[in-house]
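Data first, discussion second: the structure below is written as structure tokens.
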Amino acid sequence: MQSSAHTAGATPGVPRLAAHFASLEVQNHAARLGMWLFLSTEILLFAGLFVCYGVYRYAYPEAFAEASRHLDLSLGTVNTVVLITSSLTAALAVHYAKEGKNSLVAIMFGLTIAMAGAFLVIKGFEYSHKFEEGALPGPYYTMEAVQLPGVPLYFTIYFLATGLHAFHVIIGMSVLVWLMFKAMREKNFGPNNYTAVELGSMYWHLVDLVWIFLFPLLYLI
Amino acid sequence: MSVANESSQEAHNMQEHHSSVRYWVVWGVLLALTGLTVWTGSIHIPQFGLALALLIASAKGGLVLLFFMHLVDHKGANRLVMAVSVLFVLMMLIMPMADLATRYRPANPAGSHLSDLPDLEFIEGKKSTHNRAGGGAHGSGQAAPGGQQAPSPSHP
Amino acid sequence: MNPSSSTTADGVLPAHDAHDAHGADHAHPSYLVDGTTIKSWLLTVDHKRIALMYLVWILLFFLVGGIFAMAIRLEMLTPGPTIMDAMTYNRTFTLHGMIMIFLFMIPAIPAVFGNFVLPLMLGAKDVAFPRLNLASLYIYLAGAFLALWGMLNGGLDTGWTFYTPYSAHTTTTVAPVLFGAFIIGFSSIATGLNFIVTIHTMRAPGITWFKLPLFVWALYATSCIQVLATPVIGLLMVIVTGEQLFHFGLFDPARGGDPVLFQHLFWFYSHPAVYIMVLPSFGVMSEVVATYSRKNLFGYRAIAYSSLGIAFVGFFVWGHHMFVSGQSTFDAGVFGVITMLVGVFTAIKVFNWVGTVYKGAVDFKTPFAYFCGFLFFTVFGGMTGIAVATTSLDVHWHDTYFVVAHFHFIMVGATVMAFLASIHYWFPKMFGRVYHEGWGLVAAVFIVLGFNATFIPQFLLGNYGMPRRYFEYPERYQALNVASTAGASLLAFGFVIISVYLTYALVYGRPSGKNPWRSKGYEWISDSPPPTHNFVGPQPTFSEEPHLYVDPKKAEVPNAV
């Protein structure tokens with residue numbers, strides 16, 4: 001990212017200013033606005049799946065309700081708590097970055113990544129359980145317990161939505177890993193140089209935001 | 001947005017540096033709301049369960065946006081971006097659902113409660129008859145003939 | 001064309017000569033020669049070089065799409081098979097649509113002229129994220145090659161709209177084409193994001209929002225659409241590719257799905273997409289009309305607001321593509337009414353452009369000739385759009401050549417005219433040369449007349465009931481089809497003429513000087529062609545609004561050539 005610091009040739013604690021920006025404030029403002037715009041594209045991306053969900057739930061309310069009961073609510077709740085806590089640690093990372101406490105930044109990101117990993121592991125368990133039960137999308141659906149019209153559609157949407165979400169969790173984790181190593185190695189984040197941390201954290205919050213909506217819609221019908 | 005350069009205004013907004021307490025507080029509220037939604041969701045309130053769940057989710061989402069993502073500090077264009085996105089998502093949700101609600105009934109997906117047509121035999125590989133719990137669950141009475149595998153029209 | 005006059009005190013600056021009136025230019029070579037290795041071009045972060053690279057590829061893809069258009073028209077010469085069989089015909093029109101829309105129309109004006117001119121108009125040295133800009137070019141090319149490979153290796157036959165369930169079951173190459181288009185979507189989003197951030201954060205001191213050039217307003221509105229709408233089609237393309245592979249049946253009635261839901265999601269992007277295609281052309285025309293009428297734009301704020309209005313309201317009208325698909329009449333009513341509103345914004349622009357020309361000192365150059373064609377085509381294309389937005393009428397016209405003619409009037413008649421006007425208007429800015437004005441006007445005549453001859457018969461054909469995407473047709477439609485093909489040949493000939501004289505001008509054209517049109521647009525303050533960082537020295541200040549010409553009655557009347 002352009003706001004990241006290179007210790008060679010830059011003042012410690014201040015990111016290198018790219019040549020085409022008039023000032024550091026402009027550079028930071030641009031980076032932040034750019035990230036908000038990117039997040040809005042992610043919201044519109046998931047929105048398409050939410051529309052499919054909304055339409056088919058409206059058409060098949062019993063099937064969706066019934067299928068939803070067959071999801072593991074406790075695992076889902078744990079996942080929600082895990083993700084919300086990971087959002088906390090990501091926000092704290094930004095906080096400590098503003099204060100220049102680089103080792104705490106690294107620790108916070110490490111915790112966030114660990115929780116993200118836990119989220120994926122739990123999701124993996126849920127998926128494998130579904131494979132066993134036969135609760136799969138469309139033509140692959142063989143779960144005997146629920147045989148209502150529209151049920152395979154529920155699972156199509158479930159897998160598409162949680163799959164897309166998990167994909168974004170992985171991307172978010174990679175970004176956070178990079179930031180964590182940056183904090184550990186360069187130790188250069190501070191009050192004038194925390195934009196990279198902020199942007200990475202914003203992406204992570206978006207991942208959490210999507211799950212906040214997915215959870216009740218999928219698990220709590 | 002009438003100044004030529006909003007960046008100085010933005011930098012001024014970003015000077016704020018609060019203690020970390022607010023993040024812990026928001027976290028606590030988020031957990032409480034999660035508990036609330038799990039509880040109210042599990043008791044399956046019939047009429048407005050969905051509305052309640054969405055309300056709680058919006059509250060949680062709002063907290064994440066405003067405090068974790070600092071939208072309460074990032075004024076101006078950043079907020080507008082989010083607001084407009086949300087508006088378009090709502091529009092994208094409302095019109096197709098209104099479509100299904102007001103369409104000529106036979107054009108709705110068969111087997112749904114919005115259609116009077118019986119459900120097509122949708123589950124592949126069913127080898128025996130099952131008690132059909134659905135097939136137009138509103139009960140206009142035309143059950144699909146039991147045990148008959150309808151030819152699957154979807155394969156080329 | 002007299003290259004010497006200019007609104008500033010600068011003398012003539014032959015763009016690429018080593019000697020000139022200002023010693024400073026030795027140290028600031030034009031962007032064209034600053035770095036001559038291939039690597040300096042392929043890895044450039046200079047928005048102007050990126051714009052040129054886009055231009056080369058976009059023109060190439062336009063040529064390919066145009067060849068397929070001619071193939072369609074040749075096939076339509078006779079009622080039965082002429083030069084291909086039915087399946088090939090399906091692939092040909094799909095290919096034509098896919099290439100023209102995703103590889104040409106969506107990027108054309110923003111990625112080429114937006115990239116080149118936007119920082120100049122803002123007094124900035126580059127866009128906000130130059131490396132993202134370069135990445136957007138390579139992402140575009142990657143997606144384009146993947147899609148083209150798919151189309152030429154099996155070829156998609158679903159039409160560019162790839163409706164389900166057919167697109168989920170056809171054995172033609174859905175996956176590479178849709179995935180390629182999905183990748184191109186990222187390029188579109190990146191460009192839009194870049195422009196929005198640039199406009200918000202990199203304006204020079206003095207340029208407030210309501211002193212922005214109108215092309216910038218148009219680019220801003222376009223970029224908002226690009227950023228918000230493209231993800232939806234991206235997701236849809238991935239889902240349909242998944243449907244092809246796994247047959248989940250998300251939109252398959254046999255599995256309880258709803259094919260009309262696909263159409264809702266598809267058109268949620270694809271309708272705003274047409275505004276991505278047309279809004280930049282409105283912006284270009286605002287610049288052109290002010291320059292060549294040598295008059296302040298009439299109703300600046302109205303034009304600025306109407307761009308935003310089109311972008312915003314354009315998101316709420318998508319269902320007018322679905323009047324006969326099975327959508328409810330309630331939705332049809334809502335969408336129909338809101339669609340009428342969008343026409344109002346375009347009409348506001350048309351009146352303001354006409355108001356600008358009225359009592360202006362018109363300098364009838366090639367870009368202005370394209371403006372005249374553009375105006376006529378926008379008005380008639382737009383009005384036929386309002387006509388098909390009327391649900392009861394659309395029942396007759398939907399999926400006929402009437403609709404085809406309508407959207408070609410806007411896409412070719414408005415956007416391609418504006419693209420041609422842009423090339424001619426900004427040719428001196430980009431290359432420091434002038435082209436031969438006489439040939440410019442000759443080609444414009446061919447283009448405008450050829451266009452009319454191609455597409456007016458198609459309105460009539462559609463009204464008489466000829467469906468679109470049909471391989472065969474009854475005898476009685478043949479005469480109009482032949483007329484349309486003849487027109488298409490004229491149109492093609494016009495493009496050939498343009499390519500010849502512009503290429504000639506690139507190599508042998510007379511140096512243009514800094515501001516051959518004596519325009520008071522902001523981009524003409526920099527040199528033509530500009531140095532790598534656009535401005536020598538610190539960021540310039542812009543105290544006047546753009547296009548602030550003196551009262552024409554009091555100014556010198558430029559010599560009409």
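Give me a comma-separated list of calculated 3J(HN,Hα) values for the range C:91-98, in order, Karplus coefficients 6.51, -1.76, 1.60 applied at θ = phi - 60°, integers in Hz, x for any Gly or Pro.
So the J values, rounded to whole Hz, are 5, 5, 6, 5, 4, 4, x, 4.
Quick one: what does P(r) look like for chain C with 20 Å bins over all Cα pairs, in whole %?
21, 56, 21, 1
Starting from the amide H of C:R433, placed 1.01 Å from N in the peptide plane, find each other amide H under 5 Å away whose residue is 5 or more places distant or on another chain.
The list, which skips near neighbours in sequence, is C:S512.
Considering amide H positions built from the backbone, and no H for Pro or chain starts, which residues 5 or more places from C:T400, or on another chain, come under 5 Å of its amide H?
The list, which skips near neighbours in sequence, is C:R468.
Can you give me the Kirkwood hydrodynamic radius for the protein assembly as shown, using every pair of distinct Cα atoms, in Å to one decimal? Before the final figure, lay out the partial values.
Numbers: mean 1/r = 0.0338 Å⁻¹.
Result for the protein assembly as shown, one decimal place: 29.6 Å.
Using alpha-carbon pairs under 8 Å, 6+ residues apart, how would you state the relative contact order of chain C in percent?
Details: 955 pairs, mean separation 113.8, N = 561.
Dividing the mean separation by the residue count of chain C yields 20 percent.
Do any trypsin sites (Lys or Arg not before Pro) in the range B:1-107 lie in a DSSP loop with no more than 15 other beta carbon atoms within 10 Å, and if so, which?
Working: sites: B:R22, B:K60, B:K75, B:R79, B:R103; in loops: B:K75, B:R103.
In loop regions of the range B:1-107 (DSSP not H, G, I, E or B), the sparsely surrounded trypsin sites (Lys or Arg not before Pro) are B:K75.
Suppose R0 equals 25 Å; then what is the FRET efficiency for B:Q9 and C:S543 from their Cβ-Cβ distance, rounded to the nearest 0.05? Walk me through the numbers on the way to the answer.
Numbers: r = 22 Å, r/R0 = 0.88.
Efficiency at R0 = 25 Å is approximately 0.70.
With +1 on each Lys and Arg Cβ and -1 on each Asp and Glu Cβ, how big is the dipole of chain C about its Cα centre, in debye rounded to the nearest 20?
Values: 27 positive and 27 negative charges, 170 e Å.
The dipole of chain C has a size of about 820 debye.
Averaged over its residues, how many other protein chain Cβ atoms are within 10 Å of peptide C:258-271's Cβ atoms?
Numbers: counts 14, 2, 8, 11, 1, 2, 10, 8, 0, 0, 9, 2, 0, 0.
Across the residues of C:258-271, the mean count of other-chain Cβ atoms within 10 Å is 5.
Which order do the peptides C:78-87, C:405-414 take when ranked by the mean count of other beta-carbon atoms within 10 Å per residue, highest first?
Details: C:78-87: 13.0, C:405-414: 23.6.
Going from most to least packed, we get C:405-414, C:78-87.
Of C:G314, A:N193, C:G192, which is farthest along the charge dipole of the protein assembly as shown in the positive direction, counting Lys and Arg as +1 and Asp and Glu as -1 at C-beta?
Farthest towards the positive end: A:N193.
Dipole size in debye (nearest 20) for the protein assembly as shown around its Cα centre, Lys and Arg Cβ +1, Asp and Glu Cβ -1? Could you put the intermediate results ahead of the total?
On the way: 47 positive and 49 negative charges, 260 e Å.
In total the dipole reaches around 1240 debye.
Take the Cα atoms of the range B:13-74, build their convex hull, and give its volume per residue in Å³.
Values: hull volume 3.4 nm³, N = 62.
Normalising the Cα hull of the range B:13-74 by residue number yields 54 Å³.
Across 10 Å bins from the origin, how do the percents of Cα pairs in the range A:21-219 run, short distances first?
Calculated P(r), rounded to whole percents: 9, 32, 29, 17, 10, 3, 0.
Tell me which of C:T44, B:S58, B:H44 sits at the most positive position along the dipole axis of the protein assembly as shown, charges placed on C-beta atoms (Lys, Arg +1; Asp, Glu -1).
Projecting each Cα onto the dipole axis, the largest value belongs to C:T44.
Projecting each Cα onto the charge dipole of the range C:32-130 (Lys/Arg +1, Asp/Glu -1 at the beta carbon, about the Cα centre), which of C:P81, C:L120, C:P110 comes out farthest on the positive side?
C:L120
What is the packing order of peptides C:239-247, C:222-230, C:418-426, C:521-529, taking the mean over residues of other C-beta atoms within 10 Å and listing the highest first?
For the peptides C:239-247, C:222-230, C:418-426, C:521-529, the packing ranking is C:222-230, C:418-426, C:521-529, C:239-247.
Give a quick list of GluC sites (Glu not before Pro) in the range C:413-500 that DSSP marks as loop, anything other than H, G, I, E or B, with at most 15 other Cβ atoms within 10 Å. Kindly include the intermediate steps, with their values, before the conclusion.
Working: sites: C:E437, C:E472, C:E475; in loops: C:E472.
For GluC sites (Glu not before Pro) across the range C:413-500 that sit outside H, G, I, E and B with at most 15 neighbouring Cβ atoms in 10 Å, the list reads C:E472.
Rounded to the nearest Å, what's the spacing between the alpha carbon centres of the range C:379-409 and the range C:120-197? Just the number, please.
The distance from the Cα centre of the range C:379-409 to that of the range C:120-197 comes to 27 Å.
With each run of n ≥ 4 DSSP H residues scored as -39500 (n - 2.57), what mean residue ellipticity at 222 nm is computed for chain C after dividing by its residue count and rounding to the nearest 500 deg cm²/dmol? The partial results should precede the final answer.
On the way: 18 runs with 337 residues, N = 561.
Per the formula, -20500 deg cm²/dmol.
Could you run the Karplus curve 6.51 cos²θ - 1.76 cosθ + 1.60 with θ = phi - 60° over the range C:115-131 and give me ³J(HN,Hα) per residue in whole Hz, x for Gly and Pro?
For the range C:115-131, the Karplus curve yields 4, 5, 8, 4, x, 5, 6, 9, x, 9, 8, 6, 7, 5, 10, x, 5 Hz.
In whole Hz, with x marking every Gly and Pro, tabulate ³J(HN,Hα) for the range A:184-198 from phi via Karplus 6.51 cos²θ - 1.76 cosθ + 1.60, θ = phi - 60°.
5, 7, 8, 6, 10, 6, x, x, 9, 8, 9, 4, 4, 4, 4
Rule-based calculations on the coordinates, nothing more; no lab input. Remember, predicted model here, so these are calculated numbers, not experimental data. Backbone-built Cβ (ideal geometry, glycine too); neighbour counts: all protein chains shown.
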